[in-house]
Amino acid sequence: SAVISQKPSRDICQRGTSLTIQCQVDSQVTMMFWYRQQPGQSLTLIATANQGSEATYESGFVIDKFPISRPNLTFSTLTVSNMSPEDSSIYLCSVERGNYGYTFGSGTRLTVV
Amino acid sequence: GENVEQHPSTLSVQEGDSAVIKCTYSDSASNYFPWYKQELGKGPQLIIDIRSNVGEKKDQRIAVTLNKTAKHFSLHITETQPEDSAVYFCAASRDNYGQNFVFGPGTRLSVLP
């Protein structure tokens, strides 16, 4: 299955600032997915990122708050904008690997103070 | 939309005993059901999955059963070991390869030595 590298692994940020999370995959993939996992909770899909087109956002998530870039078939970024303490979560990227299902990165643990 | 429930939320078993986690889903069109294991500080890892054309699938100590009529599926872990301790998530998707997942709330499994 694909190897996914996420950076940073964790960060502590001041409220009102923005953080950009990077996701690098070791092979080309059509779709990349961004999830949020709030403390002690399950995973919620934020958006789907296809190369060459705008990301598709799930209900409750908007582009102004979570802008996403997908410049090529192996890389994507998620920005958490104008952060508040409620944005403290683990953010995970994931890729589809056909018959291997989804592979997840190790996540970015964000704390907003 | 799809809703996935998962029980129990926490489960403690003695090493060597079996563990069973159950999930129900609401969308009869769902046809792909993966199970993920998430260890502390790591991203979710796919451990087994089942598609709607199969009633049971086994991989060494892990098995999954699916009852499409009742819309529920279960994870069975036999001969549990301390390293099985983790949070387990079930998920359901109406796409063949798991796009548009809905995850269950998770089960924290503790295997006591």
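The values are calculated or read from the model by the stated rules, or taken from the named source; none is laboratory data. All values reported here derive from a predicted model rather than from experimental measurement. As a convention, Cβ positions derive from the backbone with ideal geometry for all residues, glycine included, and neighbour counts pool all protein chains shown.
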message = Quick test for you: out of B:64, B:20, pick the one residue that is away from chain A (no Cβ under 14 Å) and assigned to a strand (DSSP E or B).
response = B:20
ask   = Are there any strands (runs of 3 or more DSSP E) wholly within the range A:10-57 with 3 or more residues that are more than 12 Å from every other protein chain (Cβ to nearest Cβ), of a type in the set (Phe, Trp, Tyr) and surrounded by 13 or more Cβ atoms within 10 Å (Cβ to Cβ), and if so which?
value = none
query = Counting only residues that are touching a residue at least 12 places away in the same chain (Cβ under 8 Å) and in a strand (DSSP E or B), which one in the range B:45-58 is surrounded by the fewest Cβ atoms within 10 Å (Cβ to Cβ)?
reply = B:51
task = Give the range A:76-87 a look and list any residue that's closer than 20 Å to residue A:6 by Cα and surrounded by fewer than 17 Cβ atoms within 10 Å (Cβ to Cβ), or say none.
result = A:79, A:81
query = Among the residues of the range B:99-109, is any in a strand (DSSP E or B), surrounded by fewer than 20 Cβ atoms within 10 Å (Cβ to Cβ), touching a strand residue (DSSP E or B) at 6+ places or on another chain (Cβ under 7 Å) and not β-branched (Val, Ile, Thr)?
reply = yes
ask   = Among the numbered criteria (1) outside any loop (DSSP other than H, G, I, E, B); (2) more than 21 Å from residue A:46 (Cα to Cα); (3) modelled with pLDDT under 95, which single criterion is violated by residue B:33?
value = (2)
message = Checking the structure you have, find out if any residue of the range A:102-113 is more than 9 Å from every other protein chain (Cβ to nearest Cβ), part of a loop (DSSP other than H, G, I, E, B), over 26 Å from residue B:89 (Cα atoms) and not polar (S, T, N, Q).
response = yes
key: Condition met for residue B:79 (of a type in the set (Asp, Glu) and touching a Leu at 6+ places or on another chain (Cβ under 9 Å))   = no
message = When you check residue A:89 against the structure, is it within 14 Å of another protein chain (Cβ to nearest Cβ) and either farther than 30 Å from residue B:109 by Cα or in contact (Cβ under 8 Å) with a residue 24 or more places away in the chain (or both), yes or no?
response = yes
note = All-but-one check, residue B:88 against (1) within 30 Å of residue A:8 (Cβ to Cβ); (2) at the interface with another protein chain (Cβ under 10 Å from one of its Cβ atoms); (3) touching a residue at least 24 places away in the same chain (Cβ under 8 Å), failing number (2)
